[in-house]
Each structure stands twice: as structure tokens, then as C-alpha cells.
């Protein structure tokens, strides 16, 4: 297992917690929280814990692309069990949609 | 069996519009069972009560440890729902996920006793104890079983096994304790999974690639057709919700009707089974019938009497120690594999080797069908005969069990249900005020220990390398967790619940005495005196201590090593009423 941390510029501030996904084979769970009082409102802080080691740059690229399109500020925690980049992006979008008011 | 039950709908249009339950994750399953808008999740993902044991092993944890606990109403009645997420860790029971379930049941029990009957619904999708948390998972299952029985006195405990994982391992004992069990045709319920049996006993015992065979034995339809499940419904959220709502509306269960209390039925059913010429799974439906009652046509098999079998017992630690406590003339063979001895101190019970056991998978001291029934009858007999007595006799479970019996026949007959009967009687004895002391003199593994030992108020163990307490023996655990035995030994140095050393086990918080003797194989007179004295002290502690299993959480060891369990219990209790 590897723990990776990233930070991306973000503008939109969400107002509620969102949880999507499950730490099952080929999948991941995401916990998204609005920035706390002592955290900046213009950045997304991402912590990834992944069962597959050695894909730091791929994670960075997948996340970077997502945050270009959906710049949601706050704390993002990803618990990954070998999800492919496509699944990761889908889960990120799902979390963003849920944060915007859709159903998680 | 009508086609209506096989599939959700009569036509393909109906089939397309049904909402599958199996495809839902744990939270959606909870939501689909509950009255709309009534679900309140306790200790959810943002409480972040993860397993503390997975990250050090390089395994990604899940924020709710794969178990959703929610308060909700069903048909307007208060309930608590515990849903195991089958996709995380195969639904394995860990320290945190297990503590969440048992504490939710105990809180429901508290409310029920205080005038608000709160039924529990447990969604079983589990391969059993999470081997990465081995001994803590095993104990968690024992605590869940105890809590199911505590609650069942005052509210319904409804089990749902929908699939696809099904219910296996010790949690199936808990399923066997439920007052009502709902299954789908896709469900499977068994004690030992097919792959485990195959790995223990070979493909001729159980071919784990033969799906038709697996479902003919463990499948939801078979369990229902043999009275081991109450309601069979298709994989349809509406049908499952209706079945659960009906069971909730039925109110407080009649204890005497619960399967795990029906020792008469278990005895009668097993009496019709000839292990040397076992019925086919299809014939078992006719032989036993679809209700859990004494079969109409009893074809009892002639069995050897105790005196005939007593001579066949080979030496084993269990046998050696029970004879050491009581002297040969006071030891009775209740069955070829179960010994009882009555002394001034207590009644001792031991499962021992029985080379002539007609159940060939239970010849080396394993707990199988006969052993579960015999133990249950013995404990029940003690409780009944002591009913008028103000001071209840102590019961000592002398434990030397290599495992439960891994066999196809055992699974077909529902070993999980037989074990549930034993667990129920031990719990009933403890609740009635009989001090129960488990004395581990040899191996205490897995379902064997859950059945014979882990419901005790006090657990003592000999401090000896030959004593091994674990969720699974090392070779099998290595195979299943994809590690070598050397890697397991290395991990055990830091992951205490995985250790096979009894000294490490003793630090987990549920050891009430580690006893160093001179010769555990052939105890000296001094050894026997010393251990008997320790038992007398344990009995005294049991008489003055709690009659539930809370001492395992409040001991000095637990305060140090079961912090996660204690944290879960506190957090759930806080959130139960206040909602924050």
C-alpha cells in the first residue's frame, strides 16, 4: 500500500460531505469534505491510499485532469483497491455531482 | 417450489423492471429495506473508524470498515440494521466491523428491555472471520453471537442472506441464532466454504468447482426446503423488504420456537442421518421436510452405545486433562467424541479424538454434528437440573479442538445450525448464572472454539507451545491470505491478533489466566492441583463478575489492544440516541 498526497488549485467550495464507492476489487471509495476553518478555500488537498504501488505519476495526471474540469476545493480522501484510471475518474465525477446536489 | 420464487417476475418485462437487491451496496440495501427517509447511519464513513490492523499489513482500509449500522423504522417500528458490505474484504469480520454489529445489537437490546422493542436486521454477506485480524475477528464473532441471543429475548433478530458472497464461517452460527432467516435462491449458507473444505480434505470430499453441488448443499432453496431458512424470496428489493417487514411485524419471537433452541429437532434429524450411507441433498428435503420440526417418519439409525465407544478413545490433551481432574471412573463418554466428568468443583466437558466416529471428518477431536448436539444436550441438562438451585453449577469447557469438522456431509446437514444450538445453550447457561470457564489445553481453532469455549465468562489457557488459539491453522491461513507461513510468522510479530503464540493471544484482553505447567501432555499431580485451583478462582471471579462478555472489553489487555473495539462501542452508544 502506498500513500500519496497532492494539492491542486480549486475555486468552487462545496457545502456538504460526500461519500461514494467501496474499497472493493477494481474500485475505490472517496470521502470529500468542504475545507475546514483552518484550510484554504482555493485548493483541493488529495490523499490517496492505494493497494497498488508505483503509479504516482499516473495518479497525478488523472487527478490533475479532473481538477481542471471540476475544481472543487476541500479535502479529498481516496481509498483505492486497484481501480483503473477510468473507474477513478468516474468515481471523482460521481463525488463532484453528489457535492453539487445530486444523489451520491 | 414455483417459478415465481425462482425469478423476480413471471414475464421478461417484469424481470426487467424488478430492482435487484443483490446488486446494491450495503447502504443501498439498508435504504431499500427501511421506511423512506427513516435511515440514520451511525458511525458512518466520516466517523473514520477504520481497522487499525490493515494499514500495517499494506492493505487499504475502508472508512466504515465495510459495515453499515443504521437506525431506521420498518413498517413504523424501530429497528437497527447491520449490513455487511460484501465487496470489502469479502465481508470478513474484523475487530471494528464486528464490534459495530455486536454493539448495535446490545444497544437495541437495551432499548427493547426498556420498553421500546427494537428489532435487528443483519445482512449477512461474509466469508467469515477476516484472517488479517484473526483472533480479534474470532472473538468479535463470539460477541456477536452473544449479543444476538441477548437481544432475541426481547426483540426479533432477522437475518437476510441475499448473495452473492453468502454467509460462511462463524457468522453463519450467528445466522443460525436468528429468530427469522430470509434467503434468496442465489444465497448460500454454510459453516465451511467449499474451497476451504476442498483445501482441507480434497476434491473428493467437496469439489469447489462444482457449482451445482455447492448450491444443492449450501444454496438458499435447499436451506429453505430443509427448514434451515424461513422465507425464500427472489432477488427483488420489494420482495425482500416485504419479507423483512413481515418478520419485524411478527414481534418478539417465541424463544422455544427458535431453531437454535430446538435440540429435540436437531437430535431427531441427526438420528435419521447415516453418515456411512448419507442421503443425497434432494432426499434430505423429503427426509427432514421444510419446517424445522421433528421429521414425520423417523428412521433412526442404530448407533454404538457409549460403553462400546469409550474404549476407542485415543489419548489427546482434552482426554488426558479431563481424566486428570476427575479420575477415570468419574468420566462418562456422552458420545464417542464427547466426555463429561462431574467433580466437586464443576462439570467438565471435552471433545476428544474418536477414531471410530462414523463422521470421518470429526475423528481427530474436531467439533462436528454429533459433538455440537452432545455438548448442547449436556449443557442443557445441567441448566435444567440446576433450575431450582440458588447456586448454579460451574461448567468447564476443556478445549483441545483442532477445528470444526470440514466435511460435505456436515455442510449438507447444516453444521452452522448445530453449532448455533451449542452456542445458544452455553449462552443460556451463562445467562442463568452458571459460571462457564474455558480451559484451553491444546488447540482452540476457529469454529471449534466458537462452539466450545468462546461463550465462557472466563478463559484460561496453558502457557505452552502446544497451545494454539487462532481463527485458522497456519497452513490454511497462509494459503488463503496468499502468504507463506514464514511471512505469517513475521507479520505476527507486529500484528498481535495474527500471532499463533499463546503468550501473544493472552495480551488481547480475553485471557483470564495463562497457566504454566510442568507437563501439559501428561500433567503431574502438582500440575493438576495448580490448574484446578486456577479454575476454582476463575469460577469465583465469574460468580462476582458480569454475566455478559463485557469483561473482555474492560480488561487491562483490552484497554491496551482493543482500543478500536472500545472506541466503536463508545461512539455507537453516543450516536444511538443523540444523532451526532
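Which of the residues that make up the range B:144-172 are under 13 Å from residue B:188 (Cβ atoms) and crowded, with 24+ Cβ neighbours inside 10 Å?
Matches in the range B:144-172: B:161, B:162, B:166, B:167, B:168, B:169, B:171, B:172.
Regarding residue B:70, is this residue under 25 Å from residue B:183 (Cβ atoms) and more than 20 Å from the chain's Cα centre (by Cα)?
Judged against the criteria, residue B:70 is a match.
In the list B:541, B:430, B:483, which residue meets the criterion of being at pLDDT below 95 and over 23 Å from residue B:362 (Cβ atoms)?
So the residue among B:541, B:430, B:483 that is at pLDDT below 95 and over 23 Å from residue B:362 (Cβ atoms) is B:483.
Just to be sure before I move on: is residue B:96 within 14 Å of another protein chain (Cβ to nearest Cβ), in a helix (DSSP H, G or I), touching a helix residue (DSSP H, G or I) at 6+ places or on another chain (Cβ under 6 Å) and closer than 30 Å to residue A:2 by Cβ in the structure I sent?
yes
Output the number of the condition that residue A:20 fails; it satisfies all remaining conditions of (1) more than 11 Å from every other protein chain (Cβ to nearest Cβ); (2) touching a residue at least 24 places away in the same chain (Cβ under 8 Å); (3) surrounded by 14 or more Cβ atoms within 10 Å (Cβ to Cβ).
(1)
Just wondering, is there one or more residues in the range B:75-84 that are in a loop (DSSP other than H, G, I, E, B), within 23 Å of residue B:163 (Cβ to Cβ), within 14 Å of chain A (Cβ to nearest Cβ) and in contact with a strand residue (DSSP E or B) (Cβ under 8 Å, 6 or more places away or on another chain)?
Looking for residues that are in a loop (DSSP other than H, G, I, E, B), within 23 Å of residue B:163 (Cβ to Cβ), within 14 Å of chain A (Cβ to nearest Cβ) and in contact with a strand residue (DSSP E or B) (Cβ under 8 Å, 6 or more places away or on another chain), one finds none in the range B:75-84, hence no.
How many residues, within the range B:347-392, are closer than 16 Å to residue B:435 by Cβ and buried (at least 24 other Cβ atoms within 10 Å of the Cβ)?
Count: 3.
Which of the residues spanning the range A:64-92 are touching a residue at least 24 places away in the same chain (Cβ under 8 Å), more than 14 Å from chain B (Cβ to nearest Cβ) and closer than 18 Å to residue A:19 by Cβ?
Matches in the range A:64-92: A:66, A:70, A:72, A:73, A:89, A:92.
Run down B:490, B:503 and say which single residue is under 23 Å from residue B:397 (Cβ atoms) and out of contact with any helix residue (DSSP H, G or I) (no Cβ under 9 Å at 6 or more places or on another chain).
When all the criteria are applied, what remains is B:503.
Within the range B:130-143, can one find any residue that is buried (at least 24 other Cβ atoms within 10 Å of the Cβ), closer than 19 Å to residue B:181 by Cβ and within 14 Å of another protein chain (Cβ to nearest Cβ)?
No: zero hits.
Taking the condition surrounded by fewer than 18 Cβ atoms within 10 Å (Cβ to Cβ) and either under 18 Å from residue B:88 (Cβ atoms) or at the interface with another protein chain (Cβ under 8 Å from one of its Cβ atoms) (or both), does residue B:23 pass?
The answer is yes for residue B:23.
Quick check on my filter: what residues within the range B:110-129 are surrounded by 24 or more Cβ atoms within 10 Å (Cβ to Cβ) and not in a loop (DSSP other than H, G, I, E, B)?
Within the range B:110-129, B:119, B:120, B:121, B:122, B:123, B:126, B:129 qualify.
Just to be sure before I move on: is residue B:172 farther than 23 Å from residue B:292 by Cα, assigned to a helix (DSSP H, G or I) and not assigned by TED's automatic domain parsing to the domain that holds residue B:416 in the structure I sent?
When the stated conditions are applied, residue B:172 does not pass them.
Report whether or not residue A:27 is within 12 Å of chain B (Cβ to nearest Cβ), over 14 Å from the mean Cα position of the chain (by Cα) and under 26 Å from residue B:90 (Cα atoms).
No; evaluated as a whole, the condition is false for this residue.
Name every residue in the range B:23-66 that is under 16 Å from residue A:21 (Cβ atoms) and part of a strand (DSSP E or B), in order of residue number.
B:41
Does residue B:87 satisfy being within 11 Å of chain A (Cβ to nearest Cβ) and either farther than 22 Å from residue B:128 by Cα or modelled with pLDDT of 95 or more (or both)?
For residue B:87, the condition - within 11 Å of chain A (Cβ to nearest Cβ) and either farther than 22 Å from residue B:128 by Cα or modelled with pLDDT of 95 or more (or both) - is met.
Any chance the range A:45-52 includes a residue that's within 14 Å of another protein chain (Cβ to nearest Cβ) and within 10 Å of the chain's Cα centre (by Cα)?
Scanning the range A:45-52 turns up at least one residue that is within 14 Å of another protein chain (Cβ to nearest Cβ) and within 10 Å of the chain's Cα centre (by Cα).
Can you give me the number of residues within the range A:41-61 that are in a helix (DSSP H, G or I) and buried (at least 19 other Cβ atoms within 10 Å of the Cβ)?
The qualifying residues number 1.
Can you go through B:18, B:29, B:40 and tell me which one is more than 9 Å from chain A (Cβ to nearest Cβ), buried (at least 21 other Cβ atoms within 10 Å of the Cβ) and in contact (Cβ under 8 Å) with a residue 60 or more places away in the chain?
Result of the check over B:18, B:29, B:40: B:29.
The values are calculated or read from the model by the stated rules, or taken from the named source; none is laboratory data. No experiment lies behind these values; they were computed from the predicted model shown. Don't worry about glycine lacking a Cβ; one is built from the backbone with ideal geometry, like all the others, and counts go over all protein chains shown.
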